[in-house]
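First the structure, in the form of structure tokens, and then the observations on it.
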Amino acid sequence: MFCRSRIEPCGVCGHRVLVPPLSSTLYCNACHTTTSLQSSHDSAARPRHGLLRHARGWLRGMFSNGGFGSTGSVGSSSSDYRQLVHEDSGRSAMSWPASFPTDRAKKRAVLVGVSYSFKSYQLRGTVNDVKCMRYFLCEKFQFPNDSILMLTEEERDPKRVPTKENIRAAMRWLVCGNQPGDSLVFHFSGHGSQKLDLSGDEVDGYAETLCPVDYEDKGVILDDELNATLVRPLRTGVKLHAIIDSCHSGTVLDLPYLCRTSRGGSFQWEDHTPKSGAFKGTSGGLAICISGCDDSQSAQDTQTLSGSAITGAMIYSLIYAVETDPGTTYGRLLSNMRSVIRGADAFVGFSGPVASFLKRVLSYGIKQEPQLSASEIFDIYRKPFLL
């Protein structure tokens, strides 16, 4: 079973704080300090959290073995690359940093967390978003550790820092040589923005973007590029899930269909095919994007939710929804995620940390609606959510 959230005491004032799974720190709203969770905890709490203690021990092993950190050589030079060829594509060999994973498993993922360290717009939960997602993929959906590429500012290898160049390379690595049966995941946690669309292709008149750590110098990554890089190359029998936790991310993959749902559960697919007729679909595969909010909304950090500043609201709600509803469909997943963020009493009978979390969400009244878009339409209440 995937580990649940737990209550931990602040190391300064003792105030008890709800901490999402896999967190290495907690932020206390009472005394406004941050406490490391690597030290031993209150022994009185241990008997009540045997499963969590086991999970934390497993995680410590992951950290010590480099499972959540850098792999390959540290500080590799820009000339230290390996080549990978697109089979049957007619394209020349493509080069990757030597520290990128060599495992071309059927399940592989790119997880990007951008903190924008030492900036006025710094984010505090994105690195732990990535760590949670990696654990979630490995434990819940059996993704091999060695087929997951992480880009964060904690990485010592400069080729694994989430710059624009590195994110572009990571996206190409993910889809390169994709074959029937492949299940790919692209996760981004960071800032998103909008730019005025001059082509007339965007329904709302704005192009959505992702912001790399160096976007002030190198620029943002536009939805057009995300679509061309991640979506267009997908062959028949291949599926891609993009999980985007950023502001203005509703249509950030520029997929042709956006699912609109009501609180009553009905749904309707909107056609977002560009007026120019530009093709935004796949080469036979399936692309699905679960984004943290609509194009007009902002994504929230967990400091707003639970006072711990560890993960984004979207990632917490996604993990919670899958954990509490095994075998869920896309429709139920979306509904449950929204219920968590709205603070609705959607899971009668649950108590403890999750119930406390829901009450806190309700008290803050967060305005954030996770969205679902896809390269093709389907019945969201019949299609199971599988990565």
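The values are calculated or read from the model by the stated rules, or taken from the named source; none is laboratory data. Since the model is a prediction, treat every value here as computed from it, not as a measurement. As a convention, Cβ positions derive from the backbone with ideal geometry for all residues, glycine included, and neighbour counts pool all protein chains shown. Please note that ligands, DNA and RNA were not included when accessible areas were found on the heavy atoms of the full protein model with its side chains. Shrake-Rupley method; radii C 1.70, N 1.55, O 1.52, S 1.80 Å.
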Practice prompt. Kindly establish whether Ser246 is under 22 Å from Leu318 (Cα atoms) and open to solvent by less than 60 Å² (accessible area, probe 1.4 Å).
Written response: yes
Item to complete: From Ser120, Ser99, grab the single residue that is hydroxyl-bearing (Ser, Thr, Tyr) and either outside the structural domain of Arg168 (by the TED database) or not in a loop (DSSP other than H, G, I, E, B) (or both).
Response: Ser99
Worksheet item: What number of residues within region 220-233 are of a type outside the set (S, T, N, Q), in contact with a helix residue (DSSP H, G or I) (Cβ under 7 Å, 6 or more places away or on another chain) and either over 27 Å from Lys106 (Cβ atoms) or open to solvent by less than 30 Å² (accessible area, probe 1.4 Å) (or both)?
Response: 2
Practice prompt. Would you point out which residue out of Arg104, Arg156 is open to solvent by 10 Å² or more (accessible area, probe 1.4 Å), more than 16 Å from the chain's Cα centre (by Cα), at pLDDT below 90 and farther than 27 Å from Thr324 by Cα?
Written response: Arg104
Worksheet item: Taking only pairs six or more apart or across chains, which ones have beta-carbon atoms under 6 Å, a first residue in region 363-375 that is modelled with pLDDT under 50, and a second residue that is part of a loop (DSSP other than H, G, I, E, B)?
Response: Ile366/Gln300
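This table checks each residue for (1) of a type outside the set (Gly, Ala, Ser); (2) touching a Lys or Arg at 6+ places or on another chain (Cβ under 6 Å); (3) in contact (Cβ under 8 Å) with a residue 60 or more places away in the chain.
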{"site": "Val112", "(1), (2), (3)": "yes, no, yes"}
{"site": "Tyr121", "(1), (2), (3)": "yes, no, yes"}
{"site": "Val127", "(1), (2), (3)": "yes, no, no"}
{"site": "Met133", "(1), (2), (3)": "yes, no, yes"}
{"site": "Leu137", "(1), (2), (3)": "yes, no, yes"}
{"site": "Lys164", "(1), (2), (3)": "yes, yes, no"}
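For the subset of region 314-333 comprising residues that are surrounded by fewer than 23 Cβ atoms within 10 Å (Cβ to Cβ) and touching a Ser or Thr at 6+ places or on another chain (Cβ under 9 Å), which member is nearest to Arg263 (Cα to Cα)? It would help to see each step written out before you state the result.
Of all residues in region 314-333, those surrounded by fewer than 23 Cβ atoms within 10 Å (Cβ to Cβ) come to 322-333.
Then keep just the ones that are touching a Ser or Thr at 6+ places or on another chain (Cβ under 9 Å); that gives 322, 331.
Numbers: Val322: 19, Gly331: 11 Å.
Applying the filter and picking the extreme gives Gly331.
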